[in-house]
Amino acid sequence: MELTAAIQKRCSIRRFKDTPVEKEKITKILEAAQRAPSWGNTQPWRFLVITDKAKMAEVAQAAGGQPQAAGAPVLIVCCATIDDMTKKGHGEALRSLIPAGAMTEELVNIVLGSDIFAPYRRGDAYMAIKAGEQMMIAVAYMTLAAVDQGLATCWVGAITPKEIHKVLNLPDNIFVHSLLPVGYADEDPKPRPRKDLNKIVFWEKYS
Ligand SMILES: Cc1cc2nc3c(=O)[nH]c(=O)nc-3n(C[C@H](O)[C@H](O)[C@H](O)COP(=O)(O)O)c2cc1C
């Protein structure tokens, strides 16, 4: 599907068919997340794919009981780690860019020595914020890739991350960012309204 068409078609779907989702399609969606850009190529995302309905229901309970979180055949639990934002993790990510010609060893040292370019220099809370930012891009990519696969999603960000962490027995270095149920749509809602372009876009001068 053409990208603009996928962007226009995507909308949050909260009712899904029971039809199982092909694993190849889920892989395509995850590959889209993999290709997302990230701060210094840190890629702090981790994705846990759940198809077990009982487990899904437990996770949904920790999402304020939102039924859509457990309503699709597949639930992608989108997690992040600040390990990839630490000096070591960020350094490795930057060095991975050298063979592609997008970084030099000299630049790596400049980046890691800068309060602006290196989140680790501002502490754990800042690294978590930055990791969360990168997650948003990956999840957005997945929502569009799902449309491309004829599938639908509903981004679920209203969650209690610590409870989901416990339900899924996740390691300490991982935090839950959001949930993405994926399945075939069982509703065809109207496009949701957006602010007019002239209210959000300014050319040359803010007015
Ligand atoms: C970061 C984020 C968190 C969201 N959290 C929830 C959520 O917890 N539950 C839900 O039903 N929808 C959630 N949504 C979906 C929004 O409500 C939806 O995108 C918005 O109303 C616009 O509708 P559309 O996606 O159909 O265009 C979330 C969307 C984003 C981007």
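Throughout, read-outs are computed from the coordinates displayed, never taken from laboratory work. This one's a predicted model, so the numbers in the text were calculated from it and none came from an experiment. For neighbour counting, all protein chains shown are included, and Cβ atoms are generated from backbone atoms with ideal geometry for every residue, glycine included.
General remarks:
- Placing +1 on the Cβ of every Lys and Arg and -1 on the Cβ of every Asp and Glu, with no other charges, gives the chain a dipole of roughly 500 debye about its Cα centre.
- Label sites at E105 and A125, each approximated as a point 7 angstrom past Cα along Cα to Cβ, lie 3.8 nm apart.
- C-alpha long axis of helix 87-96 to longest principal axis of the chain, angle in °: 90
- Measuring r between the beta carbons of Q34 and K195 and using R0 = 41 Å, the FRET efficiency lands at 0.85.
- The value for the range 90-201 of Rg(Cα) / (2.2 N^0.38 Å) is 1.43.
- When you restrict to C-alpha pairs under 8 Å that are six or more residues apart and normalise by the size of the chain, the relative contact order lands at 34 percent.
- If the Kirkwood radius is taken over C-alpha pairs of the range 3-192, then at 20 °C and 1.002 mPa s the Stokes-Einstein diffusion coefficient equals 123 µm²/s.
- Rounded to 10°, Cα long-axis angle of helix 23-34 versus longest principal axis of the chain: 30
- For the chain, with +1 on Lys and Arg beta carbons and -1 on Asp and Glu, the positive-most of L144, G123, V108 along the dipole: L144
- Listed cross-link partners K25/K88; K23/K55; K88/K130; K53/K166; K17/K162 are compared with a 27 Å cut-off, the Cα-Cα value being larger for K25/K88; K17/K162.
- Projecting label points 7 angstrom from Cα along Cα→Cβ for K17 and K205 puts them 5.5 nm apart.
- For a label point 7 Å along the Cα-to-beta-carbon line of A57, residues of the range 138-172 with backbone N under 18 Å: 164, 167-168
- Where the alpha-carbon atoms of the range 26-80 are placed on the principal axes, they occupy 36, 22, 14 Å, in descending order.
- Cα long-axis angle, helix 124-148 against the chain (0 to 90 degrees, to the nearest 10): 50
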